[in-house]
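Reading through the C-alpha cells given below for one structure.
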Amino acid sequence: VEKIVKLALKRADFEKIKQHAVRSYPKECCGLLMGRRDREILETKEVIQAENVLNSPIAFEADAELVLKAFDKAGKAGLDLIGIYHSHPNIHACVSGRDAEIMKLWPRVAWLIVSVSKERVVGRKAYMLKGGKIEKLEIAAT
Ligand SMILES: [Zn+2]
C-alpha cells in the first residue's frame, strides 16, 4: 500500500518550475523531480526541466533521451524519480483525462501540476495514483 502523503519541494526548486511554466506559456512545460522517498514524504532534491516534444498547449511528452540521461545521472547520485511536473496554461491544476491515462504508467510518482496564466503561476496541485485511485498529495514548500 502506498503511504506517501506529501511532496516536499524547496522554494528555489518551485521557483525553477514556475519560471519554466511562464517561459513555455502558452505551451505546456514538463520536467522531472528527482529525490528520495522517506516513509510518507517524497523529498525533491533536484528539478530537471525537460523539453515538451509535443510543443502543445494541451499536452506534453518529455524528450525521451533527456529522461534517460536524467535517470542515469540521478542513479549515480543515489536519487530516484519521485515526480513529474507539467503546466496547464489557462486552466486549473486538475488532472485531465490524458493525465490520468499517463499516470497509470507512473504509479509511484507524484504528479505535480501548475496552473499558469499569461505571466504567472496561479495554482499548484500534486496527485498520486494510489490503488488505482487518484489522490491529492500535500505540497510542503521548505
Ligand atoms: Zn495535464
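The values are calculated or read from the model by the stated rules, or taken from the named source; none is laboratory data. Computed from a predicted structure; not experimentally measured. Heads up, the Cβs are rebuilt from the backbone with ideal geometry, glycines too, and the neighbour counts pull from every protein chain shown. In case anyone asks, the SASA skips ligands and DNA or RNA and just uses the protein heavy atoms, side chains included. Shrake-Rupley method; radii C 1.70, N 1.55, O 1.52, S 1.80 Å.
Is it true that some residue in region 40-52 is within 16 Å of the ligand (Cβ to nearest atom) and out of contact with any Pro (no Cβ under 9 Å at 6 or more places or on another chain)? Scanning region 40-52, I find at least one residue that is within 16 Å of the ligand (Cβ to nearest atom) and out of contact with any Pro (no Cβ under 9 Å at 6 or more places or on another chain), so the answer is yes. Residue 74 meets each of the listed conditions (1) buried (at least 19 other Cβ atoms within 10 Å of the Cβ); (2) within 16 Å of the ligand (Cβ to nearest atom); (3) more than 26 Å from residue 131 (Cβ to Cβ) apart from (2). Does residue 36 meet the test of being out of contact with any His (no Cβ under 7 Å at 6 or more places or on another chain), charged (D, E, K, R) and under 18 Å from residue 109 (Cα atoms)? So residue 36 passes the test. In the set 96, 87, 115, only one residue is modelled with pLDDT of 95 or more and touching an Asp or Glu at 6+ places or on another chain (Cβ under 6 Å); that residue is 87.
Entry remark, region 104-119: residues being part of a loop (DSSP other than H, G, I, E, B) and under 14 Å from residue 33 (Cα atoms) number 3 in total.
Once region 98-123 is narrowed to residues that are open to solvent by less than 90 Å² (accessible area, probe 1.4 Å) and in contact with a Leu (Cβ under 7 Å, 6 or more places away or on another chain), the residue that is farthest from the ligand (Cβ to nearest atom) is 107.
Before we move on, is residue 95 open to solvent by 20 Å² or more (accessible area, probe 1.4 Å), within 16 Å of the ligand (Cβ to nearest atom), touching a Phe, Trp or Tyr at 6+ places or on another chain (Cβ under 9 Å) and under 18 Å from residue 126 (Cα atoms)? For residue 95, the condition - open to solvent by 20 Å² or more (accessible area, probe 1.4 Å), within 16 Å of the ligand (Cβ to nearest atom), touching a Phe, Trp or Tyr at 6+ places or on another chain (Cβ under 9 Å) and under 18 Å from residue 126 (Cα atoms) - is met. Do we find a residue being free of Cβ contacts under 8 Å to residues at least 40 places away in the same chain, within 13 Å of residue 42 (Cβ to Cβ) and under 13 Å from the mean Cα position of the chain (by Cα) anywhere in region 125-136? So far as region 125-136 goes, yes, one or more of its residues are free of Cβ contacts under 8 Å to residues at least 40 places away in the same chain, within 13 Å of residue 42 (Cβ to Cβ) and under 13 Å from the mean Cα position of the chain (by Cα).
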